[in-house]
Amino acid sequence: MVKTLLSVFMTLALLVAAGIGEHFFVVSRFEKFGAAVGALYDKTLEERAARADAGAVKTLWESEKKSLHILIPHADIAYIDYWLGEATGCIVTGNFEEALSKLEVLSVICQQLPQLYTVSFENIF
Amino acid sequence: MGLIILRTAIIFIALLAVMRLMGKRQIGEMQPFELVITLLIAELACIPMADSSIPLLYGIVSIVTIFLLHQLMLLVDLNFKPFQTIVGGKPSVVINKNGIDISQLKKNHLDLSDLIESMRTAGMFSLDEAAYALYEANGQFSVMPREDSPKEEKVSLPVLIIDDGKFVAHNLSLTGTCEEFFREILQQRGVKSMRSVFVLTLDGTGKIYLQCKGEKYTTFRIRLPEGSSW
């Protein structure tokens, strides 16, 4: 009985702690990445963005996604890789107009993706 | 993660409710919540294992949630009796001193064939051999033999002639009898309508087990027609 109760409380504590930890971890990672994408967007808007700027965002994403792979379905991560690659390509070729639309998509993904993993009615059902 | 925990819990509760509603027919020697866990665990383990696009953590969290729910169910099972009945169900007495309890059979989505099959599995071939018979909460069948259980001289298999108001054509030909033969017998016994007969079985010695709906069962003997043997 004591053993069962103990296992219930320990498991519950573990799951709740992991759930809260995951929420803050995912949100903070995407906030950081979203801010970098925002900065690149501003530079692209002013047509000052260069390969190095896009490369810096890519490097940041590469380091962040390693830990995000544990928590987020890999297809969602691949989706960001795809749009970031497209945006980088447009910046390198100087096609800033195209790059802006790609970066806009990335910004929306950075805002929406963490929302998909929060506990809310629409996500549960 | 919180999402997965909640979704797992919801699926668990939904499956458990469905299993309870399906009655004892669907359960095989397990408590309903144990069966639900068995159903879920395999899938939960397999999906992240086979699909590399899903993080393994999703499967682990779901399995740990199932473990938590299992432990909670165990606590409930041991400590809260009314809740235990809701979650695990209670035994259903399907044969009592009056014969077959039709309402209990229907409540558990069982029919006469299921009951006769269970009786045979328990080693009893005639319905009047059992004083009490019940389906346990886990779906197992238990029988208490009658103290004065009739010992037949001639070993013969009782066959079902009327099942819930309808003749079983195959068994009529097997026994070499016809509908008219039994209609006459029923008329002699004061049975007004065929539809009121829940069960009528006949064995090779001519013994009939008859139970009408809402009445106590009776057993009596008849003379079998010439050449009737099986």
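The values are calculated or read from the model by the stated rules, or taken from the named source; none is laboratory data. Keep in mind it's a predicted model, so treat the numbers as computed, not measured. Cβ atoms come from the backbone with ideal geometry, glycine included; neighbour counts cover every protein chain shown.
Remarks
- Subset of region A:1-35 (residues that are in contact with a helix residue (DSSP H, G or I) (Cβ under 6 Å, 6 or more places away or on another chain) and not in a helix (DSSP H, G or I)): none
- Region B:97-145, residues that are under 20 Å from B:D203 (Cβ atoms) and of a type in the set (V, I, T): B:I100, B:I116, B:T121, B:V143
- Considering residues of region B:213-230 that are touching a Lys or Arg at 6+ places or on another chain (Cβ under 9 Å) and not hydroxyl-bearing (S, T, Y) only, the residue nearest to B:G176 (Cα to Cα): B:I222
- Test: residue in region A:22-29 that is at pLDDT 90 or above, under 26 Å from B:F67 (Cα atoms) and out of contact with any Phe, Trp or Tyr (no Cβ under 9 Å at 6 or more places or on another chain): yes
- Those helices (runs of 4 or more DSSP H) lying entirely in region A:41-125 with at least 1 residues more than 30 Å from B:M49 (Cα to Cα) and of a type in the set (A, V, I, L, M, F, W, C): A:51-71, A:74-92, A:96-116
- Test: residue in region B:66-82 that is under 30 Å from B:L210 (Cα atoms) and either within 12 Å of chain A (Cβ to nearest Cβ) or not aromatic (F, W, Y) (or both): no
- A:V92 vs. criteria of a type in the set (A, V, I, L, M) and in contact (Cβ under 8 Å) with a residue 40 or more places away in the chain: yes
- The criterion of at least 2 residues that are in the same structural domain as B:N96 (by TED's automatic domain parsing) and closer than 21 Å to B:I100 by Cα is met, among strands (runs of 3 or more DSSP E) falling completely within region B:117-230, by B:130-135, B:141-145.
- When residues of region B:59-79 are limited to those that are among the β-branched types (V, I, T) and touching a Phe, Trp or Tyr at 6+ places or on another chain (Cβ under 9 Å), the one farthest from B:A137 (Cα to Cα): B:T65
- Residue among B:G214, B:G190 that is within 23 Å of B:S92 (Cβ to Cβ) and exposed (fewer than 12 other Cβ atoms within 10 Å of the Cβ): B:G214
- Which listed residue, of A:A52, A:A78, A:A56, is under 21 Å from A:Q115 (Cβ atoms) and free of Cβ contacts under 8 Å to residues at least 24 places away in the same chain: A:A78
- The set of residues from region B:32-48 being farther than 16 Å from B:L15 by Cα and either within 14 Å of chain A (Cβ to nearest Cβ) or touching a helix residue (DSSP H, G or I) at 6+ places or on another chain (Cβ under 7 Å) (or both) comprises B:A45, B:I47, B:P48.
- Top-ranked residue in region A:1-43 [being among the polar types (S, T, N, Q) and more than 23 Å from A:V57 (Cα to Cα); ranked as surrounded by the fewest Cβ atoms within 10 Å (Cβ to Cβ)]: A:T4
- So B:L105, is it more than 14 Å from chain A (Cβ to nearest Cβ), in a loop (DSSP other than H, G, I, E, B) and surrounded by 12 or more Cβ atoms within 10 Å (Cβ to Cβ): no
- Boolean, B:F12 is within 30 Å of A:E22 (Cα to Cα), within 14 Å of another protein chain (Cβ to nearest Cβ) and modelled with pLDDT of 80 or more: yes
- Region A:68-85: number of residues that are within 11 Å of chain B (Cβ to nearest Cβ) and among the small types (G, A, S): 2
- Subset tally (residues that are of a type in the set (V, I, T) and more than 8 Å from every other protein chain (Cβ to nearest Cβ)) for region A:1-15: 1
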